[in-house]
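For reference, the structure discussed in these notes is given below.
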Amino acid sequence: MGVSTSAPDQGVAVVTVDFPPVNALPVQGWYDLADAVRAAGRDPDVRCVLLTAAGRGFNAGVDIKEMQRDTAAGGHGALIGANRGCAEAFAAVYECEVPVVAAVHGFCLGGGIGLVGNADAIVASRDATFGLPELDRGALGAATHLARLVPQHLMRALYYTSRTATAHELHAHGSVWKVVPRDELTDAARELAREIARKDGSLIRLAKAAINGIDPVDVRRSYRFEQGFTFEANLSGVADRVRDTFGADGPDKDEEDRS
């Protein structure tokens, strides 16, 4: 359980997230993920990082129960920690010195969108779904990253409704490289990572820096701007009002840690 790093292929570092039951990460988990991705990118023998997850889905966002416990005790430490931790993890993926490939299965929600939206390439299984249920969870944020996956008006509609998009829909928009059956996801993602890793190590790092340098959006600043409204919603009490209804009904009641 937690965040681990392995090297099954030459030039490829695999960073795996495992926080049962639904990969809703606690505050420390986001920092651990950021540290693992940055460390892999700094390794001179690594030319591609593959970001994966164990369990039922890729990522379900922050651990809402951790936040609720802290709020009930009269504090905002978990909220501030989650804001900063998510920002660090998203930035670590974007600023990683080498390309990052995300292998996505099952649900990719909330903070998961921040991770894959900042990745360089996405390989997804057919059962993968992507979305920001933030408005149903008393939060805001990661529209910055959803906008990197779908066109602007679709991003807004998905954000306002909390609906999800399928892997095939994202593939049609060009943001998902390949969609494969669930049991072929690991092999397909590793195949792409190995292809990237066959490039010259110095040149691939220059290429990553060059592409980031021409990006039209400063993703770190844009996301931190969004988070200011998340904090405002919490200070005003509206976030607690919405969050307290989380898991009360609906098909995902059994996934109460999601955000």
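Residues in segment 130-145: is at least one surrounded by 14 or more Cβ atoms within 10 Å (Cβ to Cβ), at pLDDT 95 or above and closer than 24 Å to ALA207 by Cα?
So far as segment 130-145 goes, yes, one or more of its residues are surrounded by 14 or more Cβ atoms within 10 Å (Cβ to Cβ), at pLDDT 95 or above and closer than 24 Å to ALA207 by Cα.
Take segment 87-115 and flag every residue that is aliphatic (A, V, I, L, M), part of a strand (DSSP E or B) and in contact with a helix residue (DSSP H, G or I) (Cβ under 8 Å, 6 or more places away or on another chain).
Scanning segment 87-115 gives VAL100, VAL101, ALA102, ALA103, VAL104.
GLY213 passes all but one of (1) open to solvent by 100 Å² or more (accessible area, probe 1.4 Å); (2) modelled with pLDDT of 95 or more; which number fails?
For GLY213, the exception is condition (1).
Please enumerate the residues belonging to segment 143-187 that are within 21 Å of PHE229 (Cβ to Cβ), in contact with a Phe, Trp or Tyr (Cβ under 8 Å, 6 or more places away or on another chain) and of a type in the set (Val, Ile, Thr).
THR144
Name the residues in segment 212-243 that are over 24 Å from GLU134 (Cβ atoms) and within 20 Å of the chain's Cα centre (by Cα), would you?
Matches in segment 212-243: ASN212 only.
So which residues in segment 152-185 are closer than 22 Å to VAL101 by Cα, touching a Leu at 6+ places or on another chain (Cβ under 9 Å) and either part of a strand (DSSP E or B) or of a type in the set (Ser, Thr, Tyr) (or both)?
Result: THR164, ALA165, SER175, LYS178, VAL179.
Among (1) of a type outside the set (Lys, Arg); (2) open to solvent by less than 20 Å² (accessible area, probe 1.4 Å); (3) modelled with pLDDT under 95, there is one condition MET1 misses while meeting the rest; what is its number?
Evaluating MET1 over (1) of a type outside the set (Lys, Arg); (2) open to solvent by less than 20 Å² (accessible area, probe 1.4 Å); (3) modelled with pLDDT under 95 leaves (2) as the failure.
The values are calculated or read from the model by the stated rules, or taken from the named source; none is laboratory data. What you see is a predicted model, and the numbers here were worked out from it, not measured in a lab. Glycine also receives a Cβ, built like all others from the backbone with ideal geometry; neighbour counts cover every protein chain displayed. Keep in mind that these areas ignore ligands, DNA and RNA; they rest on the heavy atoms of the full protein, side chains included. Shrake-Rupley method; radii C 1.70, N 1.55, O 1.52, S 1.80 Å.
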